[in-house]
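Report on one structure; see the data block that follows.
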Amino acid sequence: MVMRVLGLMAVVLVIGCPVGPAGDGAPSEGEGEGEGEGEGEGEGEGEGEGEGEGEGEDLPLVDRPLQSTVTSVQPLTGMVLWEESHDGDALKDEPGFIQLEYAYVTPASIVIAEDVYDWSAFDDFLDRIASRRHQAIVRFYDTYPGEPTGVPDWIKARADYTETVGQSEGLTTSFPDWRSAVLQQFVLEFFTAFAERYDDDPRLAYLQVGFGLWGEYHIYDGPNVIGQQFPSKAFQASFMGHLDAELDALHWSISIDAGDDYYGPFQGTPQLLQLPFGLFDDSFMIEEHAGYNASMWDEFAHDTRMQTSPAGGELSYASDFDQAHALDVAGMYGRTFETLARQYALTYMIGNDQPEFQTDARIKAAGMAIGYRFRITALRTSGQRAEVEVENTGIASIAYDAFVAVDGVRAATSLRGLQPGQRRTFPVAAGGAQPTVTIACDRLVPGQVIGFDADL
């Protein structure tokens with residue numbers, strides 16, 4: 001993998017809608033209120049029913065007209081730019097092109113002394129993204145070619161902690177000392193503190209985690225001893241179980257490279273595969289994808305995992321050719337981005353360098369081709385209730401709870417779990433002759449709206 005420039009300002013430390021109570025009766029701030037392109041709000045004229053009719057009785061349901069078209073990348077999905085890049089570009093600043101921004105982060109940028117946490121820079125980073133009506137993907141890492149480790153200084157200063165300095169990607173690189181019980185305990189405590197603060201924070205869409213170079217679960221260049229420069233499999237198992245226990249809402253993901261038995265703990269501890277983590281593929285569209293990458297996806301039974309956990313990645317940096325042609329409409333290496341994305345049910349894809357090679361329109365189209373997409377295929381109401389039939393015409397399920405709402409009243413059942421190609425009817429305890437239909441989600445920042453298609 002070719003070197004990439006360090007993201008964020010090392011705000012030191014890779015996740016959908018905090019799960020709100022089903023049917024709580026009102027959309028949250030930022031849900032579809034009728035402003036903005038492709039917001040998916042629909043209104044229809046009734047056929048002979050007046051406002052408030054049928055009080056006290058359950059009248060037959062009547063088909064209602066509804067028109068709406070999704071014209072923007074949907075929240076929690078699409079192509080992803082780095083937060084520090086492309087400032088002032090329409091692609092990043094104008095609505096509809098992207099919904100997600102990314103950064104590498106180290107614990108050392110947050111933990112400034114033992115038991116002293118300063119989240120201010122991290123919060124500022126999240127606020128900047130939210131101000132553009134976007135959400136963040138972050139990856140906490142420990143090793144980056146040419147850089148100090150992401151380990152806090154107070155641990156580095158200990159007499160019983162010794163880092164390794166070696167060459168990686170032709171650069172002098174520091175590697176953590178994973179023999180240290182203090183470092184291992186710190187990592188667990190750090191993510192406990194992180195979860196307490198950000199598990200339900202809608203500014204954060206997805207969390208990526210991992211070890212080794214870039215947090216990508218490998219050290220293919222440089223000193224590489226499991227249990228020293230890379231954590232032991234026993235600690236990895238503890239770490240994953242800890243994340244599962246601490247994070248109730250926020251989706252966390254690991255690299256597909258964790259499927260390599262040299263690095264990952266799964267063959268020795270297969271029960272870890274039951275944890276609901278998502279996956280990311282950091283060399284997506286690489287020429288050899290059908291070989292190694294596909295085998296790693298298969299290690300995690302991705303066809304099943306995608307039904308509950310989001311999948312994403314980054315376009316391949318294996319060569320300049322890959323970056324230049326990954327999103328070509330004609331594709332490269334015999335397949336298109338859309339075809340391969342559908343195969344792995346992708347929700348998002350980092351493509352920070354794509355503005356150098358593709359138009360804004362093409363980047364937007366690629367973003368709209370991944371993730372969920374809802375179509376309302378039937379709307380029936382009486383004076384007091386409604387039935388809304390929804391189909392997921394996208395390539396992935398939505399990562400967080402979202403609810404069809406009629407006049408602000410939510411269905412009791414979430415759209416989460418509605419798989420690509422599936423259609424389901426959602427009863428709603430509100431109706432009327434001219435219903436306003438929206439999709440409500442609590443894991444959105446103000447200004448974000450989930451849209452839908454409809455032609456009724």
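If we scan the range 202-210, do we find a residue that is surrounded by fewer than 23 Cβ atoms within 10 Å (Cβ to Cβ) and under 19 Å from Ser253 (Cα atoms)?
Narrowing the range 202-210 to residues surrounded by fewer than 23 Cβ atoms within 10 Å (Cβ to Cβ): 203.
Now drop any that are not under 19 Å from Ser253 (Cα atoms), which leaves 203.
Yes, some residue in the range 202-210 is surrounded by fewer than 23 Cβ atoms within 10 Å (Cβ to Cβ) and under 19 Å from Ser253 (Cα atoms).
Within the range 259-302, track down each residue that is more than 18 Å from Ser316 (Cα to Cα), within 22 Å of the chain's Cα centre (by Cα) and of a type outside the set (Gly, Ala, Ser).
Hits for the range 259-302 are Leu272, Leu273, Gln274, Leu275, Pro276, Phe277, Asp298, Glu299, Phe300, His302.
Within the range 421-456, track down each residue that is within 22 Å of Arg380 (Cβ to Cβ), β-branched (Val, Ile, Thr) and either surrounded by fewer than 20 Cβ atoms within 10 Å (Cβ to Cβ) or under 27 Å from the mean Cα position of the chain (by Cα) (or both).
Of everything in the range 421-456, those that are within 22 Å of Arg380 (Cβ to Cβ), β-branched (Val, Ile, Thr) and either surrounded by fewer than 20 Cβ atoms within 10 Å (Cβ to Cβ) or under 27 Å from the mean Cα position of the chain (by Cα) (or both) turn out to be Thr425, Thr436, Val437, Thr438, Ile439, Ile450.
As an exercise: evaluate Trp252 against (1) aromatic (Phe, Trp, Tyr); (2) in a loop (DSSP other than H, G, I, E, B); (3) over 17 Å from Gln184 (Cβ atoms) and give the number of the one condition it does not meet.
Of everything listed in (1) aromatic (Phe, Trp, Tyr); (2) in a loop (DSSP other than H, G, I, E, B); (3) over 17 Å from Gln184 (Cβ atoms), Trp252 misses just condition (2).
For Thr359, which of the numbered conditions (1) over 27 Å from Leu279 (Cβ atoms); (2) polar (S, T, N, Q); (3) outside the structural domain of Glu314 (by TED's automatic domain parsing) fails to hold?
(3)
I'd like to verify a number: residues in the range 326-345 that are closer than 13 Å to Ala369 by Cα, in contact with a Phe, Trp or Tyr (Cβ under 8 Å, 6 or more places away or on another chain) and part of a loop (DSSP other than H, G, I, E, B), how many?
Total satisfying the criteria: 2.
Which condition from (1) more than 20 Å from the chain's Cα centre (by Cα); (2) among the β-branched types (Val, Ile, Thr); (3) surrounded by 19 or more Cβ atoms within 10 Å (Cβ to Cβ) is the one that Ile256 breaks?
If we test Ile256 against (1) more than 20 Å from the chain's Cα centre (by Cα); (2) among the β-branched types (Val, Ile, Thr); (3) surrounded by 19 or more Cβ atoms within 10 Å (Cβ to Cβ), just (1) comes out false.
Identify, from the list Ala365, Ala430, Ala386, the residue that is touching a Leu at 6+ places or on another chain (Cβ under 8 Å) and not charged (D, E, K, R). Full working, then the answer.
On the way: Ala365 fails: touching a Leu at 6+ places or on another chain (Cβ under 8 Å); Ala430 fails: touching a Leu at 6+ places or on another chain (Cβ under 8 Å).
Testing whether each residue is touching a Leu at 6+ places or on another chain (Cβ under 8 Å) and not charged (D, E, K, R) leaves just Ala386.
Consider Phe175 carefully, then state whether it is under 21 Å from Ala103 (Cβ atoms), aromatic (Phe, Trp, Tyr) and either assigned by TED's automatic domain parsing to the domain that holds Glu83 or buried (at least 24 other Cβ atoms within 10 Å of the Cβ) (or both). Before you say what the answer is, go through the steps one by one.
Values: under 21 Å from Ala103 (Cβ atoms): no; aromatic (Phe, Trp, Tyr): yes; either assigned by TED's automatic domain parsing to the domain that holds Glu83 or buried (at least 24 other Cβ atoms within 10 Å of the Cβ) (or both): yes.
Considered against the rule, which asks whether it is under 21 Å from Ala103 (Cβ atoms), aromatic (Phe, Trp, Tyr) and either assigned by TED's automatic domain parsing to the domain that holds Glu83 or buried (at least 24 other Cβ atoms within 10 Å of the Cβ) (or both), Phe175 comes out as no.
What is the residue count in the range 295-317 for residues that are among the hydrophobic types (A, V, I, L, M, F, W, C) and surrounded by fewer than 17 Cβ atoms within 10 Å (Cβ to Cβ)?
Taking the range 295-317 and keeping what is among the hydrophobic types (A, V, I, L, M, F, W, C), we get 296-297, 300-301, 306, 311, 315.
With surrounded by fewer than 17 Cβ atoms within 10 Å (Cβ to Cβ) added as a condition, the list becomes 301.
Residues that pass the stated criteria total 1.
Just for the range 115-152: of the residues that are among the aliphatic types (A, V, I, L, M) and either closer than 21 Å to Glu101 by Cα or not in a strand (DSSP E or B) (or both), which one is nearest to the chain's Cα centre (by Cα)?
At the first step, the residues of the range 115-152 found to be among the aliphatic types (A, V, I, L, M) are 116, 121, 126, 129-130, 136-138, 151.
From what's left, either closer than 21 Å to Glu101 by Cα or not in a strand (DSSP E or B) (or both): 121, 126, 129-130, 136-138, 151.
Working: Ala121: 21, Leu126: 14, Ile129: 14, Ala130: 15, Ala136: 8, Ile137: 6, Val138: 9, Val151: 25 Å.
Among them, the one singled out is Ile137.
Is it the case, given these coordinates, that Leu279 is in the same structural domain as Lys233 (by TED's automatic domain parsing), closer than 18 Å to Tyr348 by Cα and either assigned to a helix (DSSP H, G or I) or not hydroxyl-bearing (Ser, Thr, Tyr) (or both)? Talk me through it step by step, then tell me what you get.
Numbers: in the same structural domain as Lys233 (by TED's automatic domain parsing): yes; closer than 18 Å to Tyr348 by Cα: yes; either assigned to a helix (DSSP H, G or I) or not hydroxyl-bearing (Ser, Thr, Tyr) (or both): yes.
Yes: the conditions hold for Leu279.
Could you please let me know if Asp177 is more than 21 Å from the chain's Cα centre (by Cα) and either modelled with pLDDT under 95 or among the charged types (D, E, K, R) (or both)? So that I can check it myself, show each step before the final result.
Details: more than 21 Å from the chain's Cα centre (by Cα): yes; either modelled with pLDDT under 95 or among the charged types (D, E, K, R) (or both): yes.
Considered against the rule, which asks whether it is more than 21 Å from the chain's Cα centre (by Cα) and either modelled with pLDDT under 95 or among the charged types (D, E, K, R) (or both), Asp177 comes out as yes.
Which one is farthest from Tyr220 (Cα to Cα) among residues in the range 145-171 that are buried (at least 16 other Cβ atoms within 10 Å of the Cβ) and among the hydroxyl-bearing types (Ser, Thr, Tyr)?
Only one residue fits best here, namely Tyr161.
The values are calculated or read from the model by the stated rules, or taken from the named source; none is laboratory data. These figures come from a predicted structure and were not determined experimentally. Note that each Cβ is placed from the backbone with ideal geometry, even for glycine, and that neighbours are counted across all protein chains shown.
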